[in-house]
Amino acid sequence: MPYLSLEVGDLGTNCYLFFAAGSRHCFVIDPGAEAEKILARIAEARLLPQAVVLTHAHPDHLGAAAALVSRFGVPLWVHPADEKLMCSPAGRGLAAMFGVKAPAADRLLLDGDVLALDGLELKVIHSPGHSPGSILLYGDGLLFTGDTLFKNDVGRTDLPGGDEEELKRSLARIREFPAATVILPGHGEGSVLEIELKDNPYL
Ligand SMILES: [Zn+2]
Ligand SMILES: [Zn+2]
């Protein structure tokens, strides 16, 4: 599988390194906290980050983003609705609670965008509900779901910009993926869509 994962921070956020086989280039998805731990994993795997990609802009998903962006001189990519949230008073308040400073975004990701990496592609699917600019990233049979979908659960919708009806529509889009799709959530264990369709009461 073309990814590594590590759990970081007090909320146990899954940070993923997505890379093409035989290539050192990787995307860092959701570097939530503990920059040193992430840097050590990147060094150990001899990877070279090309961009930091956020499934959404909650502080538990971007706490180490600024450190990685400056260490590797790479861009930060996020959906515009969450970049707006990140810069709003509510977003700043949330970030301050975590003692996190959000870096500026370099590219705004829209539904349908394709992020290319040495022959691999990650497709961006806008999945609002948990936050207005939440996205799914789909590539090579993997679906990075951020806090939209967890194993047996879904993300909360009571934070600023959250919307239960939108989350339901986003989950409906997830149901359309191939059953064998590997689900890689922002917290907790991974799963397979086929299992979630059976066991997850929200799907
Ligand atoms: Zn979140
Ligand atoms: Zn989270």
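The values are calculated or read from the model by the stated rules, or taken from the named source; none is laboratory data. Just so it is clear, the structure is predicted and the values come from calculations on it, not from any experiment. Using ideal geometry, Cβ is built from the backbone for each residue, glycine included, and neighbour counts are taken over all protein chains shown. Each accessible area value is taken on the protein alone, full model and side chains, heavy atoms only, with ligands, DNA and RNA left out. Shrake-Rupley method; radii C 1.70, N 1.55, O 1.52, S 1.80 Å.
Some observations on this one:
- Members of region 117-140 found to be among the aliphatic types (A, V, I, L, M) and at pLDDT 95 or above, listed by number: Leu122, Val124, Ile125, Ile135, Leu136, Leu137
- Set side by side, the residues Arg41, Arg24 differ, and just one is under 22 Å from Phe144 (Cα atoms) and at pLDDT 95 or above, which is Arg41.
- Filtered residue count, region 178-191, keeping only those that are more than 16 Å from ligand 2 (Cβ to nearest atom), among the hydrophobic types (A, V, I, L, M, F, W, C) and touching a strand residue (DSSP E or B) at 6+ places or on another chain (Cβ under 6 Å): 1
- Hits in region 147-159 - residues which are more than 10 Å from ligand 1 (Cβ to nearest atom), open to solvent by 50 Å² or more (accessible area, probe 1.4 Å) and over 17 Å from Ala179 (Cα atoms): Asp153, Asp158
- Residue in region 80-89 that is touching a Pro at 6+ places or on another chain (Cβ under 7 Å) and within 13 Å of ligand 1 (Cβ to nearest atom) present: yes
- Members of region 12-30 that are among the aliphatic types (A, V, I, L, M) and within 10 Å of the chain's Cα centre (by Cα): Val28, Ile29
- Hits in region 26-56 - residues which are among the aliphatic types (A, V, I, L, M), within 16 Å of ligand 2 (Cβ to nearest atom) and open to solvent by 10 Å² or more (accessible area, probe 1.4 Å): Ala33
- Contacts under 7 angstrom Cβ, first residue in region 168-184 being among the aromatic types (Phe, Trp, Tyr), partner open to solvent by less than 50 Å² (accessible area, probe 1.4 Å), 6 or more apart: Phe177/Leu143; Phe177/Leu193
- Whether a residue is of a type in the set (Phe, Trp, Tyr), open to solvent by 10 Å² or more (accessible area, probe 1.4 Å) and away from ligand 1 (no atom under 12 Å from the Cβ) was assessed, and Phe144 does not pass this test.
- One residue from Leu203, Leu137 being assigned to a strand (DSSP E or B) and touching a Leu at 6+ places or on another chain (Cβ under 7 Å): Leu137
- Any hit, region 96-106, residues being within 16 Å of ligand 1 (Cβ to nearest atom), under 20 Å from Gln50 (Cβ atoms) and buried (at least 17 other Cβ atoms within 10 Å of the Cβ): no
- Strands (runs of 3 or more DSSP E) wholly inside region 1-110 containing at least 2 residues that are hydroxyl-bearing (Ser, Thr, Tyr) and farther than 21 Å from Gly133 by Cα: 3-8
- Going through (1) open to solvent by less than 10 Å² (accessible area, probe 1.4 Å); (2) away from ligand 1 (no atom under 15 Å from the Cβ) one by one, Arg71 falls short only on (1).
- Test: residue in region 112-122 that is within 18 Å of the chain's Cα centre (by Cα), in contact (Cβ under 8 Å) with a residue 12 or more places away in the chain and within 13 Å of ligand 1 (Cβ to nearest atom): no
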